């Protein structure tokens, strides 16, 4: 039985405005144990920044994370999904776009959640079951 994205997504994703700094995003990621922050402009989704983006697009280029705005390094071309869509559709989009997470938006493009490959594994897709075990393991940091 296919479930809806809204049943398995992480609700209330962390987001910051486009002009917030990379330092702001990194601090949230550290404090909350997450790997991504959604980027908004006037409350609407306009991008996503990941821990990897910060390292590859900022630190490795010697950018000052305390002044570099998220808009300079975030991924703006996002694939999104709606809470009412099936998890099978989420998995299809992840495969097609080669992504591990999809922002979940409402009709006005405001972020309402985020669904990850791990969320789909937890939802019970037999093919993804090994990922559920990895997600439950304590972090190695």
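Read-outs throughout are calculated quantities, based only on the coordinates presented, and are distinct from any laboratory measurement. Given the structure is predicted, the values throughout are model-derived calculations rather than measurements. With ideal geometry, Cβ positions are generated from the backbone for all residues, glycine too; neighbour counts draw on all protein chains shown.
Here residue 2 fulfils each of the conditions (1) surrounded by 15 or more Cβ atoms within 10 Å (Cβ to Cβ); (2) in contact with a helix residue (DSSP H, G or I) (Cβ under 6 Å, 6 or more places away or on another chain) apart from (1).
Close contacts from segment 88-100, counting a first residue that is touching a residue at least 40 places away in the same chain (Cβ under 8 Å) and at negative phi and a second that is surrounded by fewer than 15 Cβ atoms within 10 Å (Cβ to Cβ) and not in a helix (DSSP H, G or I), with Cβ to Cβ under 9 Å and a gap of 6+ residues or different chains, come to 88/2; 89/2.
Each row is one residue, and each column tells you yes or no for (1) within 11 Å of the chain's Cα centre (by Cα); (2) in contact (Cβ under 8 Å) with a residue 40 or more places away in the chain; (3) buried (at least 16 other Cβ atoms within 10 Å of the Cβ); (4) under 12 Å from residue 105 (Cα atoms).
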position: 7; (1), (2), (3), (4): no, yes, no, no
position: 15; (1), (2), (3), (4): yes, yes, yes, no
position: 20; (1), (2), (3), (4): no, yes, yes, no
position: 27; (1), (2), (3), (4): no, no, no, no
position: 30; (1), (2), (3), (4): no, no, no, no
position: 33; (1), (2), (3), (4): no, yes, no, no
position: 37; (1), (2), (3), (4): yes, no, yes, no
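May I ask you to list the residues in segment 47-71 that are over 15 Å from residue 114 (Cβ atoms), surrounded by 13 or more Cβ atoms within 10 Å (Cβ to Cβ), in contact (Cβ under 8 Å) with a residue 24 or more places away in the chain and touching a helix residue (DSSP H, G or I) at 6+ places or on another chain (Cβ under 9 Å)? Hits for segment 47-71 are 54, 58, 63, 65, 68, 69, 70.
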